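Take a look at the structure below.
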Amino acid sequence: MVLILVTYHFSLVTSLAQSDRDCIRKGNRLYRWQEYGKAEAEYRKALSQNGQNAQAHYNLGCALLMQQKDSAAVEQFQQAGRIETNKLRRSQAFHNIGVVCQNHQMYSEAIEAYKESLRNNPADNETRYNLALCQQLEKKQPKNKQNNNQNDKNDKNKDKKDNQQQNKDKQQNKQEDKNPPENKPQEMSKENAEQLLNAVTQQEKQTQQRLKKAMQQPRSKHLQKNW
């Protein structure tokens, strides 16, 4: 899984293109010097001169990605993919979108991006490999999610039954206090109290077991906030 971080270089056409190309050149130098924030500023200047410059969009996406601004980077790659007419460059833009989505476990989105990349460059084996990998990982996601949901449902049903049993025991104790049977020995109320205590103890044990089980399960990775 490799990101394609390439800055484009094209011939000048008009005075307007000269202006945005100057900004792109300056941005490329800053990018090579790993001054990604300053490079971002230059690419944005280029887009202010020519919002339809696919190279400025793509290079801006690369600069944003190096600053871990994944969401904003994907938007720029999408813009570049829509505007760019060269199929190889369009393939690079969608490949990068796929890699970002794959890193965030958004396999469905990654698959679509990789497919679009291959439509423009069917010979890209790296993209083809990433596509196959994401398709396998996507198949595993629903099954794991379903199992987790089923476990949660079982735990909730167990808690519900425990609570119902406790309420039943409490109501029985209250009724016996109000209308004690004539021949009922005094030890019966103590027995009911022991039953209630055992039910509470059992519920606490079950809660501890569920907590221990939850702590042993791998934690899911969350997407970045700006995604």
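Brief remarks follow.
- Area of residue 140 that stays accessible when all protein chains are in place (1.4 Å probe, Å², to 10): 120
- The magnitude of the dipole of region 32-151, with charges of +1 and -1 set on the Cβ of Lys/Arg and Asp/Glu and taken from the Cα centre, is near 180 debye.
- Accessible area ranking (1.4 Å probe, heavy atoms, ligands and nucleic acids excluded), largest first, for 30, 137: 137, 30.
- Protein-only accessible surface order, largest first, of 128, 119 at 1.4 Å: 119, 128
- In this structure, the pairs whose alpha-carbon distance is over 31 Å, taken from 38/140; 38/139; 38/115; 26/69, are 38/140; 38/139; 38/115.
- Distance between region 30-51 and region 64-142 - C-alpha centres, whole angstrom: 23
The values are calculated or read from the model by the stated rules, or taken from the named source; none is laboratory data. Everything numeric here is computed off the predicted structure, so don't read it as measured data. So basically every Cβ, Gly included, is an ideal-geometry build from the backbone, and we count neighbours across all protein chains shown. Areas reflect the complete protein model, heavy atoms only, side chains present, ligands, DNA and RNA absent. Shrake-Rupley method; radii C 1.70, N 1.55, O 1.52, S 1.80 Å.
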